[in-house]
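Novice: Structure in structure tokens, see below.
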Amino acid sequence: MKRNTLYACLMGAMLAVPSAHAGQKEDLLELKGTVINLLNALVEQGVLTRQKAQLLVKRAEADAKRQAKSPAASGESNKNVVRVPYVPQFVKDQMREELRAQLREEVKDDLVTEAKQDGWLVPASLPAWAKRFKFGGDIRLRAEADRFGSGNPPYKYFDFLAINKAGGSGKLDNPYLNTTVNRTRLRERLRFGFSAKVTNEVKVAARLSSGNLRDPVSTNQTLGNYFNRYQVVLDRAYLQYAFKGASGDAWLTLWGGRMPNPFYSTDLVWDKDLGFEGLAAKYKYNINHVPFDRQSLFLTVGAFPLQEIALSAHDKWLVGGQVGADLRFFDDSRLRLGLAYYDFRNITGQRNVLNSTLLDYTAPQYMQKGNTLFDIRNDGDQNTGLWALAAKYREINLTASYDFARFNPTHIVLTADYVKNVGFSEEGIFRRTGEHVQPRTTGYQIALKVGMPQVRLWTDWQVYAAYKYLERDAVLDAFTDSDFHLGGTDAKGWLVGGKYAIDDNVWLGARWLSTDAIDGPPLAIDILQLDMNARF
């Protein structure tokens, strides 16, 4: 594709617009939009980098302004000045068809060459419905060693999730979490999904994964079930609608269904494998109004049902909103900021009246460990019990990261995250439980990553380190990182790790996590994870 042709058309349109009458302006703006869309297509095909496309547009604008102010603009002769006072329709049509033909031929030649080399079909030979689908997935094999500190006391941490499922601690042989017995496990994760382009604005996506219906924050399958088959679950299923501007960028995106996390966040609040169910919307505002410019402000909102309660108006919900900025610079450096507010509604427990079970639904369907709990059963039997959340959770989360790309392709990324549960009330907890509970409602994380942003090609590498401090009621323990401290809150500690690609889309990984309890009984846990990953 001849970039000079695109540049000449773009600059000609910019020069002619100010002096054209209303009808001509509309035609010239259409021509300018066509050229910008072609540039966007070249960027997507990899012919041009996004930075070069931005420079072409800015250079054309600058040249147009300079030539408009030159002596030729006032009638003086200047052989170096290009004036395009009027572009006839047949000329515009011819230019448009020529540009389209050139682009079509180059893309076709590239695809045919790649098809011959890799042995796959030319897209033109596929049926129309097949062209709309994209498939992909990944697999991870993990060896994990969990080592518990010698000073950990046994029988101090109750397994409240197991107790709730059994109907009370007296109905379990061992109602405690493991705090002393070291474990070594082999684990596997498989994910396979597709997306289908319904129209230019509408997309449908779904994904299957390993895992089970009882654990929302892990897709791992532990090996060693007597050669039995694995469970496969529907991990994602959502509809996406994107409202796009003239440059092809989406300024408003809507999601509905079971979707990826729509918020900019880290695993301080949300586990990376967690899926969100409900409705979400993201509005993006381009700061400089320049095509291909990636400096933007954004607003994300969402409403997600957690539990539908039959015969009750107190369904459990998560509603959240986030404002932020995503600033990209010409050297590929990037600054991202996000301020979020997450409100969990109707999730706090309520004690039953004597010998009643009407309020059993206020107990959580899933939890890890750490949050303040109380027994909502009121039947006088010590062998039964049903534990629920004592506090309310309304979290303010501030997240920031700076990706320094001056040494591209090596990036240096510094991330900081802070969370505060402003819904915690000592008086409210005392009314519900009859106990005084001191507030432990803050958490933070600082992380440093050096290497390639994504480990995809052979010899790509990445190393990282982080320190995390998460008090017991800072976040809902059900949805935070399931690896750090073996899941939950009331934990502090370090993690270090790295990745190295041994082939394209195949990489090895290693991670060491060393954590301790903050307020509870002593609980030291060291975790070593060795991974082999493949993406397809």
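Novice: Given contacts defined as C-alpha pairs under 8 Å and at least six residues apart, what's the relative contact order of the stretch 352-424, whole-number percent?
Specialist: 26 percent
Novice: If you don't mind, there's one more thing I want to ask. Consider just the alpha-carbon atoms of the stretch 133-535 and return their Rg together with their Dmax, both in angstrom.
Specialist: 22.2, 69
Novice: Here's something else I'd like to know. Just order 400-411, 303-314 by mean Cβ neighbour count inside 10 Å, highest at the front, would you?
Specialist: The peptides rank, most packed first, as 400-411, 303-314.
Novice: I would also like to ask the following. Give me the mean projected area, in nm² to one decimal, of the convex hull enclosing the Cα positions of the stretch 398-479.
Specialist: With every direction weighted equally, the projected area is 7.0 nm².
Novice: Could you state the number of Å between the C-alpha centres of the stretch 366-410 and the stretch 450-500?
Specialist: 16 Å
Novice: Express in whole angstrom the spacing between the alpha-carbon centres of the stretch 501-516 and the stretch 246-300.
Specialist: 28 Å
Novice: Once you have the Cα-Cα distance between Glu188 and Ala416, take 0.36 nm times their residue separation minus that, and quote the gain in nm to one decimal.
Specialist: Working: separation 228, 0.36 × 228 = 82.08 nm, distance 3.02 nm.
Full extension from Glu188 to Ala416 adds 79.1 nm.
Novice: Moving on. Rg (Å, one decimal) plus Dmax (Å, integer) for the alpha carbons of the stretch 416-536?
Specialist: Gyration radius and largest Cα-Cα distance of the stretch 416-536: 18.2, 60 Å.
Novice: When only C-alpha pairs under 8 Å and at least 6 residues apart count, what is the relative contact order of the stretch 133-535, in percent?
Specialist: 15 percent
Novice: Something else about it: With a 10 Å radius around each residue's Cβ, average the other Cβ atoms per peptide and rank 516-523, 391-398, highest first.
Specialist: Packing proxy ranking, top to bottom: 391-398, 516-523.
FYI, it's all coordinate maths here, none of it is from the lab. The structure displayed is predicted, hence computed values, not measured ones. Here the Cβ is made from the backbone with ideal geometry for all residues, glycine too, and neighbour counts use every protein chain on show.
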